[in-house]
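**Student:** Have a look at this one.
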Amino acid sequence: MRKALITCCVLLATGCGGEQHNDLRQELNGLTKELRGRVEPLPQVRQYEPVPYKAEGQLDPFQASRIEFGQAASTKGPANSRLQAEQNRPKEPLESYPLEAIRMVGTLTQGPETFGIVRAGPNLFRVKKGNYMGQNFGVINAIDDSQISIKELVQDGGGDWVERAGALQLVQEAQR
């Protein structure tokens, strides 16, 4: 019985390896006969050439004293006088927030005066013309229904203090 089973398996195995797919094998061999794999040569590695640092005598843009008060490269004109006044006055609460983190959420009119309602962190603040906000000595110039206009005092690339106009646009907050 065992011999009959082995003989049967051998006959089946030889029957499966027949000539039925021989034409496909010949066609595949004919198509791939001329194909040869090629690997492109690796690119030539350039030799490292050190570049000398030539800016030793210039201002260091990463040094903190560059932007500290009194150590700026130069100060001129009305921005300089405003800078002196800014250093001597007490700071308002909204000056601890960057201007990008403050959102205008509405306005409030009481008599002839219009107030802006702003959100900084989890708190709401009522602001008016003349209040300060932002970390660049921003003072509010005007408030209308759609925006709060601000004039900031910033240091330009040359170290000079210049005034820059900015605005907070009204942001519609979703009801909770």
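**Student:** Please find, within segment 149-176, the residue that is surrounded by the fewest Cβ atoms within 10 Å (Cβ to Cβ) out of those that are touching a Ser or Thr at 6+ places or on another chain (Cβ under 9 Å) and closer than 15 Å to I102 by Cβ.
**Tutor:** Q169
**Student:** Can you work out which of the residues in segment 9-33 that are in a helix (DSSP H, G or I) and polar (S, T, N, Q) is modelled with the lowest pLDDT?
**Tutor:** The first filter runs over segment 9-33 and keeps only residues in a helix (DSSP H, G or I), leaving 9-16, 22-32.
Pick out the ones that are also polar (S, T, N, Q) and you get 14, 22, 26, 29, 32.
Values: T14: 56, N22: 84, Q26: 86, N29: 84, T32: 81.
Checked segment 9-33; the qualifying residue modelled with the lowest pLDDT is T14.
**Student:** Given the conditions (1) closer than 21 Å to A165 by Cβ; (2) assigned to a strand (DSSP E or B); (3) out of contact with any Asp or Glu (no Cβ under 6 Å at 6 or more places or on another chain), which single one is not true for T107?
**Tutor:** (3)
**Student:** Something else about it: Could you tell me which numbered condition R119 fails, if it satisfies all but one of (1) within 24 Å of the chain's Cα centre (by Cα); (2) closer than 30 Å to Q58 by Cβ?
**Tutor:** With (1) within 24 Å of the chain's Cα centre (by Cα); (2) closer than 30 Å to Q58 by Cβ applied to R119, the lone miss is (2).
The values are calculated or read from the model by the stated rules, or taken from the named source; none is laboratory data. The structure displayed is predicted, hence computed values, not measured ones. Methodologically, a virtual Cβ is constructed for each residue, glycine included, from the backbone with ideal geometry; neighbour enumeration extends over all protein chains shown.
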